[in-house]
Amino acid sequence: MSAVNFNAWLHPSFTRSRSPTFLFHGLTNSPIPSFIVTKRPRDKLCSSSPFTVSAVLTKEETVETEEKPAFNFKSYMVQKADAVNQALDDAVPLREPLRIHEAMRYSLLAGGKRVRPVLCVAACELVGGAAATAMPAACAVEMIHTMSLIHDDLPCMDNDDLRRGKPTNHKVFGEDVAVLAGDALLAFAFEHIAGATVGASPPRIVRALGELARAIGAEGLVAGQVVDIKSEGLDDVGLERLEFIHLHKTAALLEGAVVLGAILGGGTDEEIEKLRKFARYIGLLFQVVDDILDVTKSSQELGKTAGKDLAADKVTYPKLLGIEKSKEFSAKLNKDAQDQLSGFDPVKAAPLVALANYIAYRQN
């Protein structure tokens, strides 16, 4: 796999119309995978073309357009998040042993944006599936995400005291129970998909389970975590390694959420792969924005400790690119993500478009 040439993108001589496209490869075992920078060809139809709308229409002719209701993203997120929260509450009830279930529920039901489960449901509906079919997988993804946060906050990892505006799990239940709560959520995530999914064929359920396992294992989330830990304090961490960390640590689970929804919803292989690329773009976008917010927002605004990456001497996009270039990069990733949705029904794709914009412009 060829090395990344970020200089081409960063060089100020590139004009807006010639900005390059970032192309992603699949997750591999390579310690530092990369993506290729190419130039987007100029549009074939340019402004000098004599064929314009005004030239084609006469005074007598009119263009009839049908008013389409605007997509209400806030209403959509509230509705879907409420459904996810109810499903999570039902999936992990308070039962014996009480202590472990209290710890699981403490972090699982602590709020959060529910971006990953909503992405899962939206992808399922985009390819023609029902929300109910994707809901167990959506909950499973959120369980695994919660596990990663519980473990990430431990003293042996990021050593954080605040998560979603509340004391972290180990601060309330102790390190031993926090580790076990994360383990229990991870195990139950797979059990929940296998036992609670309705409306999808057994082969698709098995495929979804395999996809999720790959997304979070030694070639996915765990790979990103370990390279992140071992990169702290190093002076030679460049953009390639930083991208590897975030494509695995952050983007892999987002990708898993979208792909699980597409698989269970009955998507074709072509549709699944287009949505996979969409998810990788927004996964990396999520982390670029996270890095920007970490140095521009307060702990109160974020609901978690601000500036902790800087304090831990971690390499971030703002540290390597600067704030403005990081913002330009995030805008590029957002555009490239939405380009992957071309060819889908625009009405059904509206939630994913809105979610990409939400990730790009969020403030916490």
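The values are calculated or read from the model by the stated rules, or taken from the named source; none is laboratory data. All figures in this text were calculated on a predicted structure; none of them were measured in a lab. Cβ: placed from backbone, ideal geometry, glycine included. Neighbour counts: every protein chain shown. To get the accessible areas, we keep the full protein, side chains included, count just its heavy atoms, and leave off ligands, DNA and RNA. Shrake-Rupley method; radii C 1.70, N 1.55, O 1.52, S 1.80 Å.
Entry remark, the range 324-364: residues being closer than 20 Å to G128 by Cβ, open to solvent by 20 Å² or more (accessible area, probe 1.4 Å) and of a type outside the set (A, V, I, L, M, F, W, C) number 6 in total. Each residue in the range 136-192 was checked for being assigned to a helix (DSSP H, G or I) and touching a residue at least 60 places away in the same chain (Cβ under 8 Å), and 20 pass. Filtering L253, L247, L209 for residues that are part of a helix (DSSP H, G or I), closer than 23 Å to A279 by Cβ and in contact with a Ser or Thr (Cβ under 9 Å, 6 or more places away or on another chain) leaves a single hit, L253.
Only one of the listed residues (D153, D158) is out of contact with any Gly (no Cβ under 9 Å at 6 or more places or on another chain) and either open to solvent by 20 Å² or more (accessible area, probe 1.4 Å) or farther than 29 Å from V177 by Cβ (or both). That residue is D158. Checked against (1) modelled with pLDDT under 95; (2) within 22 Å of the chain's Cα centre (by Cα), V127 passes all but condition (1).
For the range 167-225, name all the residues that are among the small types (G, A, S), surrounded by 15 or more Cβ atoms within 10 Å (Cβ to Cβ) and closer than 30 Å to R241 by Cβ. Within the range 167-225, A178, G182, A189, A215, G220, A223, G224 qualify. Of the residues making up the range 101-134, those that are part of a helix (DSSP H, G or I), among the small types (G, A, S) and touching a residue at least 60 places away in the same chain (Cβ under 8 Å) number 6. Among the residues of the range 179-190, is there at least one that is among the small types (G, A, S) and more than 29 Å from R95 (Cα to Cα)? No, there is no match, as no residue in the range 179-190 is among the small types (G, A, S) and more than 29 Å from R95 (Cα to Cα). Candidates L302, L310, L321: the one that is more than 16 Å from the chain's Cα centre (by Cα), over 28 Å from V121 (Cβ atoms) and either open to solvent by 50 Å² or more (accessible area, probe 1.4 Å) or modelled with pLDDT under 85 (or both) is L310. Of the residues in the range 190-205, at least one is modelled with pLDDT of 95 or more and in contact with a Cys (Cβ under 7 Å, 6 or more places away or on another chain). Scanning the range 262-280 for residues being in contact with an Asp or Glu (Cβ under 8 Å, 6 or more places away or on another chain) and either over 19 Å from R362 (Cα atoms) or open to solvent by 10 Å² or more (accessible area, probe 1.4 Å) (or both) gives a total of 5. When we screen G261, G283, G267 for residues that are assigned to a helix (DSSP H, G or I), small (G, A, S) and farther than 27 Å from N159 by Cβ, the only hit is G261.
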